[in-house]
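Have a look at the structure below before the remarks.
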Amino acid sequence: MSQTFDEAMAAFAPALPLAVAFSGGADSTALLAACAARWPGEVYALHVHHGLQAAADDFERHCAALCAQLDVPLRKARIDAGHASGQSPEDAARRARYQALFALAGAAGAGPVIGSIALGHHADDQVETVLLALSRGAGLPGLSAMPARMERDGVVLYRPLLRVAAADIRGWLALHDLQWIDDPTNGDARFVRNRIRSELLPSLMQVFPQARDTLARSAAHAAEAQVLLIELAEQDLSAVGAPPRIADLQRLSRARRANALRRWLTRDHGCAPSAAQLDELQRQIEACVNRGKGIAIKVGAGLLRREGEMLRWYNGPPSQRPLR
């Protein structure tokens with residue numbers, strides 16, 4: 001069920017003090033202004049300068065001016081959002097941004113340590129995320145899209161606007177005479193998400209006017225199913241070990257083995273194998289019929305290798321990785 005901006009803010013009950021990830025765009029501007037009005041003296045703004053475009057300095061100055069107008073303390077950081085070989089620039093920037101937000105929330109000498117961060121993602125963002133996941137053949141984690149609340153590294157992330165349409169947020173800003181910045185990269189058709197926003201989503205809403213609600217329900221169903229898969233993976237990992245024993249992995253069905261391996265790599269090593277990598281890993285595990293058969297496959301920034309009867313993941317330099 002969709003919400004108006006005011007309904008979403010009335011239902012928002014975060015732990016205080018609260019930080020708002022503030023880019024200067026429409027969504028974070030509305031969220032910051034509404035939170036500052038509701039909890040005066042308890043709200044901080046976190047701004048991350050990516051250095052990816054010439055206008056970034058203007059974004060930072062705009063954010064500083066609006067925070068002064070709202071009487072909200074501003075914490076800011078500059079990051080290098082460069083990406084490694086094989087990593088998408090968008091993913092690299094997202095990871096660097098979250099790391100910077102967590103660092104700003106806990107910054108010593110800048111005020112209290114903050115355990116709550118609000119993000120301005122809205123209903124249109126959620127639909128775009130689901131469509132992007134579908135276009136990439138994503139599994140349940142991708143189709144689950146963005147959760148309204150999650151905890152990471154001891155910080156609670158809130159997304160109170162996930163049921164609010166982008167148009168309603170801009171209407172609220174106009175009503176309160178608040179200015180925001182339009183990021184020029186949002187119109188860059190080289191990015192798939194931008195083409196989804198400008199071309200696919202308007203057509204989808206014409207054919208299926210309730211698409212925001214129905215896709216949100218599908219994402220919620222996927223998230224529930226993913227919880228069950230995680231619970232099953234934890235049970236299997238308690239039996240096969242972490243790092244897992246190869247013989248015990250071989251006793252699992254192929255689907256349960258894949259589920260357990262994904263969970264182990266994500267939980268313990270922060271990397272997710274691609275479908276092709278997981279298929280190859282499965283093939284190599286199944287081929288381990290004697291002690292002399294090895295396993296070697298790159299996953300994320302590390303390498304999966306067989307070590308005796310165990311499957312281990314290493315991310316040190318090649319000279320420090322075992323030969324078997």
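Among the candidates A272, A260, A296, which residue alone is modelled with pLDDT of 90 or more and of a type outside the set (D, E, K, R)?
Numbers: A272 fails: modelled with pLDDT of 90 or more; A296 fails: modelled with pLDDT of 90 or more.
That would be A260, the only listed residue that is modelled with pLDDT of 90 or more and of a type outside the set (D, E, K, R).
List, please: which pairs have Cβ atoms under 6 Å, are six or more places apart or on different chains, and start with a residue in the stretch 249-263 that is more than 11 Å from L232 (Cα to Cα) and end with one that is buried (at least 18 other Cβ atoms within 10 Å of the Cβ) and of a type in the set (A, V, I, L, M, F, W, C)?
If the second residue must be buried (at least 18 other Cβ atoms within 10 Å of the Cβ) and of a type in the set (A, V, I, L, M, F, W, C), the pairs left are L249/V240; L249/I285; A258/L278.
Here is a list of conditions, (1) part of a helix (DSSP H, G or I); (2) in contact (Cβ under 8 Å) with a residue 24 or more places away in the chain; (3) in the same structural domain as N315 (by TED's automatic domain parsing); (4) not aliphatic (A, V, I, L, M), and C271 meets all of them except one; can you say which number that is?
(1)
May I ask you to list the residues in the stretch 198-245 that are part of a helix (DSSP H, G or I) and in contact with an Asp or Glu (Cβ under 6 Å, 6 or more places away or on another chain)?
V240
Taking into account only those residues within the stretch 250-270 that are out of contact with any Asp or Glu (no Cβ under 9 Å at 6 or more places or on another chain), buried (at least 17 other Cβ atoms within 10 Å of the Cβ) and not aromatic (F, W, Y), which is nearest to G137 (Cα to Cα)?
R262
So which residues in the stretch 121-155 are more than 13 Å from the chain's Cα centre (by Cα) and either closer than 21 Å to S28 by Cα or assigned to a helix (DSSP H, G or I) (or both), if there are any at all?
Of everything in the stretch 121-155, those that are more than 13 Å from the chain's Cα centre (by Cα) and either closer than 21 Å to S28 by Cα or assigned to a helix (DSSP H, G or I) (or both) turn out to be H122, A123, D124, V127, E128, L131, L132, L134, S135, L140, V155.
Can you tell me which condition A81 does not meet? The list is (1) modelled with pLDDT under 70; (2) more than 20 Å from the chain's Cα centre (by Cα), and all the others hold.
The single condition A81 does not satisfy is (2).
State yes or no: is D177 touching a residue at least 60 places away in the same chain (Cβ under 8 Å), more than 16 Å from V127 (Cα to Cα) and surrounded by fewer than 18 Cβ atoms within 10 Å (Cβ to Cβ)?
Answer is no for this residue.
Suppose the filter is on the phi > 0 side of the Ramachandran plot and crowded, with 20+ Cβ neighbours inside 10 Å; does A105 pass it?
Details: on the phi > 0 side of the Ramachandran plot: no; crowded, with 20+ Cβ neighbours inside 10 Å: yes.
No, not satisfied.
The values are calculated or read from the model by the stated rules, or taken from the named source; none is laboratory data. Only a predicted model underlies this, so the values are computations on that prediction, with no experimental measurement involved. Please note: Cβ atoms are built from the backbone with ideal geometry, for glycine as well, and neighbour counts cover all protein chains shown.
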